[in-house]
Amino acid sequence: MVELTLLALLNSVGENFCEYRSAGNDTYKSLLLSYSDASQEYGVNEVKKVIKDSDGLNFSAVAVAMLKCPQHL
């Protein structure tokens, strides 16, 4: 099994986040739905491990969102 990385997680979450925001959901709801989708795809424990082990998560998440859908930030 391939290990889930922060970049892979953020790319997945970022894509879904943009879709949820474009559908009219607010930022917080879009974020929660996106992480819920990632947990279904990669498994709750894998997502939780990546989040816990990541430094600079906020900066990285914002950077990915700025690249994928800057109109929603």
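Bear in mind these aren't lab numbers, they're just calculated from the coordinates by the rules spelled out. Source: prediction; values computed, not measured. Backbone-built Cβ (ideal geometry, glycine too); neighbour counts: all protein chains shown.
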- Query: When you go through V44, V13 one by one, which is the residue that is more than 19 Å from G56 (Cα to Cα) and aliphatic (A, V, I, L, M)?
  - Reply: V44
- Task: Pairs only if they're at least six apart or on different chains, beta carbon under 8 angstrom, first in region 42-71 and more than 15 Å from L6 (Cβ to Cβ), second surrounded by 11 or more Cβ atoms within 10 Å (Cβ to Cβ) and among the polar types (S, T, N, Q); list them, first residue then second.
- Result: C69/S22
- Taking only region 1-53 into account, find how many residues are hydrophobic (A, V, I, L, M, F, W, C) and outside any helix (DSSP H, G or I). 4
- Message: Just the residues that are more than 12 Å from the chain's Cα centre (by Cα) and either in a helix (DSSP H, G or I) or of a type in the set (G, A, S) (or both), please, taken from region 60-71.
- Response: M66, L67, P70, Q71
- Examine region 9-32 for a residue that is farther than 20 Å from C69 by Cα and surrounded by fewer than 13 Cβ atoms within 10 Å (Cβ to Cβ), and state whether such a residue exists. no
